[in-house]
Number of protein chains: 2
Amino acid sequence: MGRWEPDARGRMIRAAMDLFAERGFEPTTAGDVAARAGVTERTFFRHFADKREVLFDGAGVMERTAHDAILAAPADSSPLDAALAGMVAAGGLLADQRDHAVRRSRIVAANPGLQERELLKLAALADTTTGALRARGVAEPADALAAHSAVTVFRVAFARWIEGEEPRDFAACVADAAAALRALT
Amino acid sequence: MGRWEPDARGRMIRAAMDLFAERGFEPTTAGDVAARAGVTERTFFRHFADKREVLFDGAGVMERTAHDAILAAPADSSPLDAALAGMVAAGGLLADQRDHAVRRSRIVAANPGLQERELLKLAALADTTTGALRARGVAEPADALAAHSAVTVFRVAFARWIEGEEPRDFAACVADAAAALRALT
DNA sequence: CTGGTTGTGTCAGTGACTGACATCGACAGT
DNA sequence: ACTGTCGATGTCAGTCACTGACACAACCAG
């Protein structure tokens, strides 16, 4: 209708982060988020499949980044090493947004429904990783096992990267977690 | 009000399995399930936190079983072996219900929302496993890494156990998947 | 037979989400 | 400049998941 303001999607994402952080996820209605972003509830649901999805906008990019990095890994890398290279690349996208990542994971940690969605995104990352390993010639079920192991390392590394005060190198966190994984015998 | 019929919970679970298998999960309303079970929608939601939960009734028992089995594992077992013992014990609960498990996983596989819930249950199993390993003296982050690795093995083993025609031994499936995991280097 | 407890039905209400339809601005093609 | 299509949005009505408040029936303990 009236004048069309650009970046509605970005405004909704920022509005959602602010409101969810202030009041919490459940008490905030989709209409609240839309209103703060200057759009209607209907527009919100045209951009995001559901209320939770507004917090997971970058998931697709991370998947593609991991996929490409795995295919670009040295040919003599082991499946696990190749998958871990994908995790490092995916995590690299967050390097200059640590504050945003911290804020986001606090919101997610406070709500079971959001954790559920996060698990789905991680599962999608694992599936993409599995596919990339397959393209490198890794057979079943080693592809899936290496992929899920890499994603588990990613989760541990991410948790370590976020906690504490002074920022650490994400790749180093991945290396540490991977070493701990290999030490399991 | 009227006469009270026993096992309402069991009837709702069976009704849900039947209806979800016939029409699918989304098109079936909570009221449909309740009606087939001979109760009202309100009663359905008194027994299950939400519409999805009706398919995950056994999750809590599996968690407790895994927990106990991990604590009962030989003292000289490695963390990963102890965690795997928990997975074998948890999977053992399904031994005499393979048909039910197959039916259920078909329903879950057909709906993203249900997969999401399944991931949450598996994450809860991983958390319980982490806690049990901690009680055995396993330190961070090895506890979480071993727990998630074991749950990943569980998933692969379960998939193998369900596919194909003639039923295989679940413990053997776990052993195979665990061997593949260790072969990752 | 009295009171508490448990499991249920009824009813009203909120919020997530969807489909159908109209509108507005931009951007061709003529 | 005229017109038609296209993309993003607003409006409206409707379904369904889920919840709180209240009442009722069976049961059990005293």
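Computed values, structure above
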| read-out | value |
| --- | --- |
| Gyration tensor verdict on segment A:10-58 (Cα atoms; rounded if a/c is under 1.5, prolate if a/b is larger than b/c, oblate otherwise) | rounded |
| Accessible area (Å², per residue) of the protein assembly as shown, counting only protein heavy atoms and a probe of 1.4 Å | 49 |
| Shortest-first nm distances, A:ARG136 label point to equivalent points in other copies (7 Å, Cα→Cβ) | 3.0 |
| Solvent-accessible area buried by A and B, counting both chains, probe 1.4 angstrom, square angstrom | 2300 |
| Rounded percent of accessible protein surface that carbon and sulfur make up, segment B:8-54, 1.4 Å probe | 49 |
| Peptide-level mean, for B:140-152, of C-beta atoms on other protein chains within 10 Å | 5 |
| Separation in nanometres of the label points that stand 7 Å from Cα toward Cβ, at B:ALA21 and B:SER105 | 1.6 |
| Calculated label separations, B:GLY60, copies of the chain, 7 Å along the beta-carbon direction, nm | 4.0 |
| Inter-copy spacing of B:PRO112 label points, which lie 7 Å from Cα along Cα→Cβ, given in nm from shortest upward | 2.3 |
| Over chain B: helical MRE at 222 nm, DSSP H runs n ≥ 4 each giving -39500 (n - 2.57), nearest 500 | -22500 deg cm²/dmol |
| Whether the protein assembly as shown is rounded, prolate or oblate, judged on the alpha carbon gyration tensor where a/c under 1.5 counts as rounded | oblate |
| Residue among A:ASP143, A:ASP81, A:ASP50 with the largest mean-square fluctuation in a Gaussian network model of chain A, springs linking Cα atoms under 10 Å | A:ASP50 |
| Residue-span extension gain [B:GLU165 to B:ARG134] - 0.36 nm each, minus C-alpha spacing | 7.3 nm |
| Reachable aspartates and glutamates from A:LYS51, criterion Cα separation under 16 angstrom, eight or more residues apart if same chain | A:ASP18, A:GLU26, A:ASP32, A:GLU41, A:GLU116, A:GLU118, B:GLU116 |
| Chain B: mean projected area of Cα convex hull, nm² | 12.3 |
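The values are calculated or read from the model by the stated rules, or taken from the named source; none is laboratory data. All figures in this text were calculated on a predicted structure; none of them were measured in a lab. Note: ideal-geometry Cβ built from the backbone for every residue, glycine included; neighbour counts use all protein chains shown. Quick note on the areas: whole protein, heavy atoms, side chains included, nothing else; ligands and nucleic acids left out. Shrake-Rupley method; radii C 1.70, N 1.55, O 1.52, S 1.80 Å.
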